[in-house]
Structures are given as C-alpha cells and as structure tokens.
1. If GLY158 satisfies all but one of (1) at pLDDT 80 or above; (2) open to solvent by 30 Å² or more (accessible area, probe 1.4 Å); (3) not charged (D, E, K, R), what's the number of the condition it fails?
2. Please determine whether any residue of segment 4-13 is crowded, with 19+ Cβ neighbours inside 10 Å and either in a helix (DSSP H, G or I) or modelled with pLDDT under 95 (or both).
3. So ARG130 clears everything in (1) part of a strand (DSSP E or B); (2) at pLDDT below 85 except one condition, right? Which one?
4. Restricting attention to segment 166-184, does a residue exist that is within 12 Å of the chain's Cα centre (by Cα), β-branched (Val, Ile, Thr) and at pLDDT below 85?
5. Restricting to segment 36-68, name every residue that is part of a helix (DSSP H, G or I), modelled with pLDDT under 90 and more than 24 Å from ILE149 (Cβ to Cβ).
Amino acid sequence: MTLPGLINKTNNTEYVIALKKSYEVLSQVVYKFRSENGSVQGALSNATTNEDLANIFIAKLNVKTNCGENNEYASGCMPDSYGSSSSPSYSYSTSSNSLSTIITNDGMSYGFANLNASCNATIPPDGCGRIFTDINGPNKGPNLLGRDIFVFMLTKDGLYPFVFYSGNPIYRRCGAPSDANLVCAQKVLTEGAMNY
C-alpha cells in the first residue's frame, strides 16, 4: 500500500469512529429529552428558531463555544461553507442554509436547523429539525458532506441519520453526484466504514 493510500485509510477510520461518537452523544441527549419530557415533542415545544433548538441541546452538552445563528457570536464554530466532491459550496450564512452553531469540548462542531417544533410532520426529512456535525471541527478539512460533515434528522420518534433523499431511503447513493452525500451518515453507520 502506498503512503497516501495508507494515510487516507487511517483518516477514514478516524472519521468513522468520530461519526459513531457524535451519533452516540446526540442520541443520549435525545434519550434524556424523552425521559424528562415524555417525548421529543415535549422537549421542543418552545423551540421556534434554530437558536432555540441549539439552546435545548446546549443545556445537555459540554459546550466550549456557542457561535449562535450563522456563526455570528464568534467565528469558527463551523466552516463558513461546505460542499461535496461534486457540488458547489453551501454557505451557512444564507437564510436558506441558516444554522445555529456550537463547538463541544471534544472539538466537534454542531449546527442546528429547527424545521418544525411541533414535530408533526409524518414523512422525514421534514421532522423537528436537522443537525449537522463536523466531526473534526471547523479548522480541519476537507469540510465535505460525507467525509467529515454529516447530517442527522430529529423526528418525533428520535434522532436518525439523514436517510431520505428526494423522498426515498436511498442511502446507498452516498458518494453519487449531487446532494446524495447528505445521506452518507446512514451508510457509514450501517457498514462501519467509508466504502465510497
């Protein structure tokens, strides 16, 4: 095996471990929501903005930095933009991609998008909200969906890797052109590797 290939394999292994950790941490928070409030909906009943959703999680996480909406309170909780190997960059500072962002003590970044505090949507991904995680923090690359940035969906039933794309559970498309890398968390967690 060549040195670049070995480095890439090592990086991918570290990414898989970090993604699993991120999912476990967020899942534990959601479990606490359900235990303390009877449901995810109960915990989010007053969350009407991205920042409201972030603050509910902040109360349960070990937060190092709170950058607020669109990284406005401090710089660098999430990279200014992210992309996929075949798509242009997306900006966190536009209204359509707005996130409230934090960095936890373990160096991971999270961005929260509140979609529907009542959590009454029946078809994901239009649930309560979405959570972006940059598993190696804002200052390390490659800042690509499906590589070090992954997406989870918060529904009335709990937290799940973002598995729906164009209305279909097609996580196997991870690595394909366009926005299919939004579904890579499910593929990595299911297969325990980055097989793309």
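The values are calculated or read from the model by the stated rules, or taken from the named source; none is laboratory data. These numbers come from a predicted model, not from an experiment. Glycine gets a Cβ as well: all are built from the backbone with ideal geometry, and neighbour counts include every protein chain shown. Ligands, DNA and RNA are stripped out before the accessible areas are found, and what is left, the full protein with its side chains, is counted by its heavy atoms. Shrake-Rupley method; radii C 1.70, N 1.55, O 1.52, S 1.80 Å.
1. Going through (1) at pLDDT 80 or above; (2) open to solvent by 30 Å² or more (accessible area, probe 1.4 Å); (3) not charged (D, E, K, R) one by one, GLY158 breaks only (2).
2. no
3. All conditions pass for ARG130, except number (2).
4. yes
5. Passing the criteria: ASN37, GLN41, GLY42, ALA43.
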